[in-house]
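Worksheet: the structure to be examined is printed underneath.
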Amino acid sequence: MMKIEIFGAGCPRCKKTEENCRKAVKELGIKAEITHIYDPAEMLRRGITDSPAVLVDGKLKVAGRVPEVEEIKKWLSSK
């Protein structure tokens with residue numbers, strides 16, 4: 001199963017990023033484990049300095065901006 005991690009403190013941009021990820025997964029009809037990491041210490045430990053950030057199966061896909069649903073769908077369908 002694909003693992004999607006969203007990093008961010010819970011601001012509106014971080015929430016929108018999670019919403020877009022969930023929408024992309026649903027539209028593609030795939031199974032994915034989606035988790036949202038709010039802990040700034042964990043973000044720094046993982047080398048993430050800009051939020052929101054998205055990792056797919058441990059690979060950083062975006063940091064510092066909200067990705068659009070279509071962009072996320074491209075990442076997920078190329079797996």
State yes or no: is residue 17 β-branched (Val, Ile, Thr) and exposed (fewer than 13 other Cβ atoms within 10 Å of the Cβ)? no
Checked pairs for the stretch 40-66, first within 13 Å of residue 76 (Cα to Cα), second modelled with pLDDT of 95 or more and hydroxyl-bearing (Ser, Thr, Tyr), C-beta under 8 Å and 6 or more apart or across chains, list as 54/17
Residue count, the stretch 58-73, condition in a helix (DSSP H, G or I) and surrounded by fewer than 13 Cβ atoms within 10 Å (Cβ to Cβ), comes to 1
Within the stretch 1-13, identify whether any single residue is surrounded by fewer than 18 Cβ atoms within 10 Å (Cβ to Cβ), in contact (Cβ under 8 Å) with a residue 60 or more places away in the chain, in contact with a helix residue (DSSP H, G or I) (Cβ under 8 Å, 6 or more places away or on another chain) and of a type outside the set (S, T, N, Q), and answer yes or no. yes
Please work out if residue 49 is surrounded by fewer than 18 Cβ atoms within 10 Å (Cβ to Cβ) and either part of a loop (DSSP other than H, G, I, E, B) or touching a Pro at 6+ places or on another chain (Cβ under 9 Å) (or both). yes
Scanning the stretch 9-30 residue by residue, those out of contact with any strand residue (DSSP E or B) (no Cβ under 7 Å at 6 or more places or on another chain) and not in a helix (DSSP H, G or I) turn out to be 9, 10, 11, 29
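The values are calculated or read from the model by the stated rules, or taken from the named source; none is laboratory data. Everything numeric here is computed off the predicted structure, so don't read it as measured data. So basically every Cβ, Gly included, is an ideal-geometry build from the backbone, and we count neighbours across all protein chains shown.
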